[in-house]
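The values are calculated or read from the model by the stated rules, or taken from the named source; none is laboratory data. Just so it is clear, the model here is predicted, and its values are computed rather than measured. Using ideal geometry, Cβ is built from the backbone for each residue, glycine included, and neighbour counts are taken over all protein chains shown. Ligands, DNA and RNA are excluded from the accessible area calculation, which covers all protein heavy atoms including side chains. Shrake-Rupley method; radii C 1.70, N 1.55, O 1.52, S 1.80 Å.
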Amino acid sequence: MSIKVSPSILAADFGNIERECNLIDKSGADWFHLDVMDGIFVPNISFGMPVVKAIRKMTSKPLDVHLMITEPERYIEKFIELGSDIISFHLEATNKLEENISLIKSNNVKVGIAINPDTPIDSLIDIINKIDLVCLMGVFPGFAGQKFIKNTFDRLKELKKLIIDNDSKALIEVDGGVKADNYMELRSLGADVLVAGSYIFNSEDYDLVIKKLKE
Ligand code: DX5
Ligand code: ZN
């Protein structure tokens, strides 16, 4: 399977969001990565339903929604209604892990579990066969443009092994700090999806960077 690229719109210019989304829509990007934050689970507030709704109208590419919110069960149905194709929520943010997975799956939406850089990989063991994707954070969530945490490489190896050992079909998405100096290694260690925000949106030519990430 070829590598997928999911540009993080958080790093886009919100004053020109339609133009930014059109550029991504026309590019070789596979998905749109939408980072929803609540100011509680993470120390930042990004955007919520109205923005997801607006972006849904701008593209037919899959919306890869990353919920960085406490008790995501409060809003999962809303994000399903808005047309999300993949919903990832944080393992650390809920004690309704299994219920949330079932809720998302029963609506024919793909389910992802996101884990922070300090959450053990083996905490995924009981659910690795029930989910479609693991969103492995390369930074502590909250902001675009942070430095990649190197230990993510070892965590990626461990996660790949967990997936293979359990015959799981879950994809590995690496999110945070993905850039020129690490994407090749992330690919060779088995990442299936690369999220990139500042690397794409701080460049002159988004499509060129996306092509590089995929080639
Ligand atoms: C971090 C977000 C990431 C982030 C990626 O809280 O989940 O998706 O926007 O941005 P870069 O690629 O700039 O680290
Ligand atoms: Zn994200």
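What is the dipole size for the chain, taken about its Cα centre, with +1 at each Lys and Arg Cβ and -1 at each Asp and Glu Cβ, in debye to the nearest 20? Numbers along the way, then the final one.
Details: 25 positive and 33 negative charges, 76 e Å.
That gives a dipole near 360 debye.
Residue by residue, what Karplus-based ³J(HN,Hα) values in Hz, rounded to whole numbers, does region 98-111 have, using 6.51, -1.76 and 1.60 with θ = phi - 60° and x for Gly and Pro?
5, 4, 5, 4, 5, 4, 5, 5, 5, 9, 6, 10, 6, 10
Ranked from highest to lowest mean number of other Cβ atoms within 10 Å per residue, what is the order of the peptides 8-18, 186-196, 29-39?
Peptide ranking by packing, descending: 29-39, 186-196, 8-18.
Suppose every Lys and Arg Cβ carries +1 and every Asp and Glu Cβ carries -1, with no other charges. What dipole size does region 6-74 come out with about its Cα centre, to the nearest 20 debye? Walk me through the numbers before you get to the answer.
Working: 7 positive and 10 negative charges, 57 e Å.
The calculated dipole for region 6-74 is roughly 280 debye.
Got a number for carbon plus sulfur as a percent of region 4-214's accessible area, 1.4 Å probe?
Values: 4710 of 9330 Å².
Carbon-and-sulfur percentage of accessible area, whole number: 51.
Given LYS160/LYS214; LYS96/LYS150; LYS150/LYS214; LYS130/LYS157, which pairs have Cα atoms separated by over 25 Å?
Details: LYS160/LYS214 20 Å; LYS96/LYS150 30 Å; LYS150/LYS214 21 Å; LYS130/LYS157 20 Å.
As for pairs spanning more than 25 Å Cα to Cα, those are LYS96/LYS150.
So how far, in whole Å, is the C-alpha centre of region 170-215 from the one of region 50-80?
22 Å
Explain nothing, just the number: dipole magnitude of region 107-155 about its Cα centre with +1 on each Lys and Arg Cβ and -1 on each Asp and Glu Cβ, in debye rounded to the nearest 20.
Numbers: 5 positive and 5 negative charges, 40 e Å.
So the magnitude is around 200 debye.
Can you give me the long-range amide H partners of GLY145? Hydrogens built in the peptide plane at 1.01 Å from N, cutoff under 5 Å, separation of 5 or more residues or another chain.
Under 5 Å from the amide H of GLY145: GLY177, SER198.
Name the residue from ASN108, ILE125, ALA196 whose Cα lies farthest towards the positive end of the charge dipole of region 4-214, charges +1 on Cβ of Lys and Arg and -1 on Cβ of Asp and Glu.
ALA196
Set the Förster radius R0 to 25 Å, insert the Cβ-Cβ distance between ASP205 and ALA54 as r into 1/(1 + (r/R0)^6), and round the FRET efficiency to 0.05. All intermediate terms of the calculation are to be shown ahead of the outcome.
Working: r = 25 Å, r/R0 = 0.99.
Efficiency for this residue pair is about 0.50.
Which percent of Cα-Cα pairs in the chain sits in each 5 Å bin, short to long?
1, 7, 17, 21, 22, 17, 10, 3, 0, 0
Can you show me the helix-derived [θ] at 222 nm for the chain, built from DSSP H runs with n ≥ 4 at -39,500 (n - 2.57) apiece and divided by the number of residues, rounded to the nearest 500.
Working: 8 runs with 69 residues, N = 215.
Calculated at 222 nm, the ellipticity per residue is -9000 deg cm²/dmol.
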